[in-house]
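Report on the following structure.
The values are calculated or read from the model by the stated rules, or taken from the named source; none is laboratory data. These numbers were taken from a predicted model, which means no experiment stands behind them. Reconstructed Cβ throughout: ideal geometry from the backbone, glycine too, with neighbour counts over all protein chains shown. Protein only, heavy atoms only, side chains kept; ligands, DNA and RNA dropped before computing areas. Shrake-Rupley method; radii C 1.70, N 1.55, O 1.52, S 1.80 Å.
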Amino acid sequence: MATVHKINEDLVKERQKCTFNVQELTYLLDGGEEVTKERREFENILRNVKELQDEVPEVYLSHKERYENAVRKTCILQNVRNDFEKKREVLSPRNIFRAGYAVIKDVSPFFLHNGMFVPTIIGQGTPEQQAEWLPKAKAMAIIGTYAQTELGHGTFIRGLETTATYDAKTEEFILNSPKVTSYKWWPGGLGTTVNHCITVAQLYINGKKYGIHPFIVQIRDLETHKPLPGIKVGEIGPKMGFATANNGFLGFQNFRIPRKNMLMKNAQVLKDGTFVKGMNEKLTYGTMVMVRVNIVSDSAFHTAMAATIAVRYAAVRHQSQLKAKEPEVQIIDYLTQQHKLFIAIATSHAFSNTYTWLYQAYLKVVEDLGKQKQDHLPELHALSCCLKATSSRDAGVIVEQCRLACGGHGYMASSNLPIIYGYTTAAITYEGEHTVLLLQTARYLMKAWMSALEGKVLAPSVAYLVDWLKSDKQRWQNTPEVIVKGFQHVAAGKIKDAFDAIQKHVKAGKDYEDAWNLASVQLIKASEAHSRAILCDGYLRETVRTSSSVSPSLAKVLNHLVQLYIVYWTLETAGDLLVYSNIGKDDIAVLKEKYEELLALIRPNAVGLVDAFDISDEILQSTLGSYDGRVYERLMEEAMKSPLNKEPVNQSFHKYLKPFIKKAKL
Ligand SMILES: CCCCCCCCCCCCCCCCCCCCCCCCCC(=O)SCCNC(=O)CCNC(=O)[C@H](O)C(C)(C)COP(=O)(O)OP(=O)(O)OC[C@H]1O[C@@H](n2cnc3c(N)ncnc32)[C@H](O)[C@@H]1OP(=O)(O)O
Ligand SMILES: Cc1cc2nc3c(=O)[nH]c(=O)nc-3n(C[C@H](O)[C@H](O)[C@H](O)COP(=O)(O)OP(=O)(O)OC[C@H]3O[C@@H](n4cnc5c(N)ncnc54)[C@H](O)[C@@H]3O)c2cc1C
């Protein structure tokens, strides 16, 4: 029987201080009591699968062993999931993603199968294509990935070099990788795991180029798993993180696939080689939009994980004296520590709330596209780009801040903060590099600004530009609503400045493209300001909406958090607000005090708030963040697992050290 340990006394006291019902908040964050119950039930089942417990911590395994262990465990996870879903409802994607962390410490080699392969078949395949591949893919009879990026191009996908040339005689496409730069590079699971992939390639028919399109390609034999003739595939080697994601490379040499393997929901190639254009060529980019939306939720989760570890540790850890002769204080009582940590909690809430409405907006666009309507697509693209960029960047900063807030122990692999950071920081680059996505949103903002100047009606997320043009800046008040307006004024001001800068360069004789490049620092600043305004506005509106349906004690805490988020960003961007809004120096002084008040109000609830994220110890995998707070004991227990501690004297002593010391003797 597993030993039950006493909970650390500081944590017990912290939990007693909590002023709201932790369970109520967990249900709210999960999206309902039923979702929480389903999640806990599944996590409980996983907890009791003996084969999922690692005898040796993953960090001590070799690159190869680590990968093999990850495949082994992901297969078990999939089987447990299948059994679970036979008896009950299909697990929600959020719940299965969360449970995945309990099984694979790093990233699963099947990550891209569920994350992009299956969604691309759904989003880009015709009903017939879905009928052919979806059942197999969902049952994992075929395993796939999303192979778009090449050695030479990740961002500029119109420049991809893999070719798919149509041969009308055989009704096949011939895939080729003409140069080393055209090799696919990065796709998760491609290295040695998958047998299929979505390949994005340049379509050629009768010598004419028709742009990039997605193709479903079998790359390995289903029996032997050997690469098929004409396929060169392998793993790209170790990275900063993503140790078990099995990222790979792929090249084609005259590799033929049937015509039906081009995913043809949008554009089509008929038997005789006639090309039929889709409603909008950018619909080929649809899977990326979906993943960018989901990365906002992923960022919320990573921030919640880091906050849970760092807040619990800060409650357990005592260091230094505030006053002489008094005991050393819990580090969570240092205001600077609260400044580092409480914004982490609020940020996770801000992203969760943002995801809630962004995902609804995404579903609406998908529904509209089904009816051949695409009016809201540009706005969704602009929102998903800047919110993916900002949420992943903020999450990266926050996770690192939480690691630093744990002092030296945060640097231990067993704190799990380094792995969470490796994961979080990758999201800043993948699925559209940070700056590149901000520039996509800026492109939309420039158009919106022009429309505002022409007096046109704008989409809801940029409607503030019209208000800004029409009215004088609102009289400043230190209320969340007016501060959000202030963020909109900053965004509008920066959008106008960037627009004017482009015009200035054009007037001076530059091409529009050069003028764009010359103004691009201002453009990304405008995009960032727009993101912040959207995040604060959406978070505030969602909090007001949910507050009416929760208990007054919880509503109060949620209100503290949203205020903290807004005031934190007011102080962080005070310079911008002073330039672009009516805020005064005195208002900033008042807000500094308000911020300190909010830290004090959140202080008694800090541990309760991270408990409400309800991230089990198995998912958290952290010596510093476990629910019972046995920090020092766990650090020691984990250290004892080091293979270097398994023998009293390591052989390197006899081989190298002893002769070395002898020689050094005077
Ligand atoms: C406890 C609580 C917490 C909660 C708990 C939560 C629990 C946990 C969470 C659980 C949640 C659930 C699951 C979460 C899973 C998340 C992870 C999933 C796994 C996946 C892993 C992923 C691994 C990584 C995979 C990868 O990395 S896969 C590769 C990704 N690669 C890229 O992303 C390439 C970037 N590059 C481009 O996207 C293009 O290159 C480029 C720049 C756009 C230019 O494209 P170009 O064609 O040149 O177009 P332009 O000329 O610029 O523009 C021309 C015109 O088109 C327009 N337009 C451009 N686009 C688009 C577009 N889409 N749509 C519409 N329009 C567009 C543009 O607006 C312009 O319009 P106009 O102005 O003319 O009107
Ligand atoms: C962990 C990880 C997993 C991945 N998984 C997959 C996968 O499963 N499938 C897949 O297909 N791909 C995958 N990728 C690839 C990923 O999508 C690309 O790396 C990403 O889109 C960035 O492209 P890039 O590497 O070409 O960067 P680059 O575009 O070369 O970026 C380099 C620099 O150039 C700048 N830059 C580029 N273009 C512009 C511009 N127009 N304006 C201003 N600045 C610019 C960027 O801002 C950046 O600073 C993965 C990447 C990582 C790191």
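A few remarks follow.
- Taking segment 115-278 and dividing mean pair separation by its residue count, relative contact order in percent (alpha carbons under 8 Å, at least six apart): 25
- Extension gain (nm, one decimal) between Glu328 and Lys646, 0.36 nm per residue minus Cα-Cα: 110.9 nm
- With semi-axes defined as the square roots of five times the eigenvalues of the C-alpha gyration tensor, the equivalent ellipsoid of segment 495-626 measures 39, 20, 14 Å, largest first.
- Here segment 255-343 yields Rg over Rh of 1.50, to two decimals, using C-alpha coordinates and the Kirkwood radius.
- Unit charges at the beta carbon, dipole of segment 38-113: most positive-side option, Val90, Phe110, Ala70: Val90
- With the whole protein complex present, Met446 retains an accessible surface near 10 Å², based on a 1.4 Å probe.
- List Leu25, Leu335, ordered by accessible area with a 1.4 Å probe, largest first: Leu335, Leu25
- Theoretical FRET efficiency, 1/(1+(r/R0)^6), r = Cβ-Cβ of Lys510 and Val579, R0 25 Å, to 0.05: 0.45
- At q = 0.09, 0.10, 0.11 Å⁻¹, base-10 log of I(q)/I(0) for the chain (Debye sum, equal scatterers on each alpha carbon): -0.85, -1.04, -1.22
- Per-residue HN-Hα couplings for segment 461-466 [Karplus 6.51, -1.76, 1.60; θ = phi - 60°; Hz; x = Gly/Pro]: 5, 10, 4, 4, 5, 5
- Test item: Cα-centred dipole of segment 461-542, Lys/Arg +1 and Asp/Glu -1 on Cβ, debye: 260
- The chain: relative contact order in percent, alpha carbon pairs under 8 Å with at least 6 residues between: 16
- Applying a threshold of 22 Å to the alpha-carbon distances of Lys50/Lys105; Lys447/Lys525; Lys169/Lys208; Lys105/Lys641 flags no pair as lying beyond it.
- Note that the chain presents 47 Å² accessible area per residue, ligands and nucleic acids not counted, probe 1.4 Å.
- Taking 20 Å as the straight-line reach from the Cα of Lys226, the lysines in range (excluding those fewer than 8 positions away in the same chain) are Lys64, Lys136, Lys184.
- Taking all protein chains together and rolling a 1.4 Å probe, Glu596 ends up with roughly 90 Å² accessible.
- The alpha carbons of segment 77-195 give a radius of gyration and a Dmax of 17.0, 51 Å, in that order.
- The heavy atoms of Trp569 offer some 40 square angstrom of accessible surface to a 1.4 angstrom probe.
- Think of the chain as having a plus end and a minus end, set by charges on the Cβ of Lys, Arg, Asp and Glu; of Val557, Ile231, Thr287, Ile231 sits farthest toward the positive end of this dipole.
- Of Val80, Cys18, Thr36, farthest towards positive along the dipole that unit charges on Lys, Arg, Asp, Glu beta carbons give segment 8-88: Val80
- Among Arg72, Arg603, Arg475, the sequence by solvent-accessible area, most first, with a 1.4 Å probe is Arg475, Arg72, Arg603.
- Size of electric dipole in segment 38-113: Cβ of Lys, Arg +1 and of Asp, Glu -1, about Cα centre, debye, nearest 20: 200
- Per residue, the average separation of C-alpha pairs within less than 8 Å and at least 6 apart gives segment 38-113 a relative contact order of 46 percent.
- Summing charges over neighbours of Gly152, with a neighbour being any other residue whose Cβ is under 13 Å away from its Cβ, gives +1 when K and R count +1 and D and E count -1.
- Counting only lysines at least 8 places from Lys17 when in the same chain, those with an alpha carbon closer than 17 Å to its own are Lys556.
- Rg/Rg_globular for segment 124-256, with Rg_globular taken as 2.2 N^0.38 Å and Rg from C-alpha atoms: 1.04
- Residues whose amide H comes within less than 5 Å of that of Glu150, counting only those at least five positions distant or on another chain, are Trp185 (H built at 1.01 Å from N in the peptide plane).
- Prolate/oblate/rounded label for segment 124-187 (Cα gyration tensor, a/c 1.5): oblate
- Beta bridges per DSSP with both ends in segment 101-220, % antiparallel, nearest 5: 70
- Cα centre as origin, Lys/Arg/Asp/Glu Cβ charges: the chain dipole, Debye: 1220
- Partners for Lys209 among aspartates and glutamates (Cα-Cα distance below 18 Å; same-chain residues under 8 apart left out): Glu161, Asp167, Glu171, Glu172, Asp272, Glu281
- Span-rule helices in the chain, defined as complete DSSP H runs reaching 27 Å or more along the axis (Cα) with Kyte mean at least 0.0: 286-316, 335-370, 377-405, 434-453, 552-572
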